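First comes the structure, then the notes that go with it.
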């Protein structure tokens with residue numbers, strides 16, 4: 001990046017980045033923390049002696065940040081002041097996001113993934129809002145907010161995932177899909193099904209978890 005302007009321009013091109021991702025076999029594992037992050041190459045993860053020697057410490061660009069997700073070496077992090085950024089720890093570069101419209105709810109779930117069909121990175125914030133009356137929960141609303149890096153913009157979706165309550169805070173990204181374990185009640189931690197989000201098409205799907213060996217069908221909704 002600093003040796004030559006022409007080299008910098010070359011390695012910054014989208015074509016170079018995509019080709020590098022396809023050919024690069026040096027995968028790294030990141031261990032998130034509240035103040036510092038640690039990372040190492042994948043082979044060293046299975047060798048305790050090498051892991052101790054190769055485990056490196058890196059400082060995130062924001063203090064007290066928490067891990068939302070990662071894709072193609074980019075990490076999406078937030079802090080409790082709602083400052084969000086996409087961070088490339090390999091080159092120590094980060095980009096702060098626009099202020100988001102998502103608010104403070106009693107239960108927020110997160111996700112971050114890559115849409116290869118549109119060459120776009122997207123972040124999801126799924127907020128659960130509710131009211132109390134004599135200790136009973138009612139009027140539950142679920143609001144989904146999606147950030148697009150390509151457009152550098154947010155959009156908010158209502159009336160989605162009604163009656164579905166995600167259990168794990170951060171969705172797992174695999175092959176352009178984000179996955180959460182879900183239940184059917186706010187205080188229910190028993191896994192009922194797996195909820196998926198297609199990062200490219202922005203559609204939701206549900207796969208029921210087999211119970212006692214019984215087969216269940218896959219259903220989809222938008």
Can you sort 206, 70 from fewest to most other Cβ atoms within 10 Å of each residue's own Cβ? 206, 70
The extension gain from residue 160 to residue 72, computed as 0.36 nm times the residue separation minus the Cα-Cα distance, is 28.9 nm
Would you calculate the separation in nanometres between label points at residue 119 and residue 96, each defined as 7 Å from the Cα along the Cα-to-beta-carbon direction? 2.8 nm
Nearest-0.05 FRET efficiency for residue 3 and residue 153, computed from C-beta distance (R0 25 Å): 0.10
Obtain the nm distance between the two label points defined at residue 194 and residue 82 by a simple spin-label model: each point lies 7 Å from its Cα along the Cα-to-C-beta direction. 3.4 nm
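For residue 12 and residue 208, FRET efficiency with R0 = 41 Å and r from the beta-carbon atoms, rounded to 0.05?
Efficiency for this residue pair is about 0.35.
Bear in mind that the values in this text are calculations on the coordinates, not laboratory data. On a predicted model such as this, the values are computed, not experimentally measured, just so you know. When we count neighbours, we look across all protein chains shown, and the Cβ atoms used for this are built from the backbone with ideal geometry, even at glycine.
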